[in-house]
């Protein structure tokens with residue numbers, strides 16, 4: 001049940017921060033996807049925010065430089081803190 005809730009939360013997050021960008025393919029669920037090669041081209045850009053929304057990610061080592069951990073169960077608390085003017089990348093695997 002917790003796994004299903006987590007998937008629903010991540011889908012909700014993706015909906016909040018959805019964007020359409022050239023070179024970003026949509027997954028079968030309609031959520032835009034970014035390959036690691038595409039992500040590497042924007043790392044360090046001030047226009048990109050990388051959010052680590054993995055369950056248990058607060059205790060896990062950072063796999064992406066400069067990513068910020070946000071609790072996927074507290075979306076309503078932290079989502080207003082991020083500008084809609086920036087590209088938001090959710091890291092959830």
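The values are calculated or read from the model by the stated rules, or taken from the named source; none is laboratory data. Remember, predicted model here, so these are calculated numbers, not experimental data. Counting neighbours? That spans all protein chains shown, and the Cβs are built from the backbone with ideal geometry, glycine included.
Annotations
- One residue stands out in the range 31-52 among those that are in contact with a helix residue (DSSP H, G or I) (Cβ under 9 Å, 6 or more places away or on another chain) and modelled with pLDDT under 90: the one that is surrounded by the most Cβ atoms within 10 Å (Cβ to Cβ), namely 34.
- Residue count, the range 32-61 (criterion: touching a strand residue (DSSP E or B) at 6+ places or on another chain (Cβ under 9 Å) and closer than 14 Å to residue 92 by Cβ): 12
- Sole exception among (1) modelled with pLDDT under 70; (2) in a helix (DSSP H, G or I) for residue 18, by number: (2)
- All positions within the range 76-93 that are surrounded by 15 or more Cβ atoms within 10 Å (Cβ to Cβ) and assigned to a loop (DSSP other than H, G, I, E, B): 82, 92
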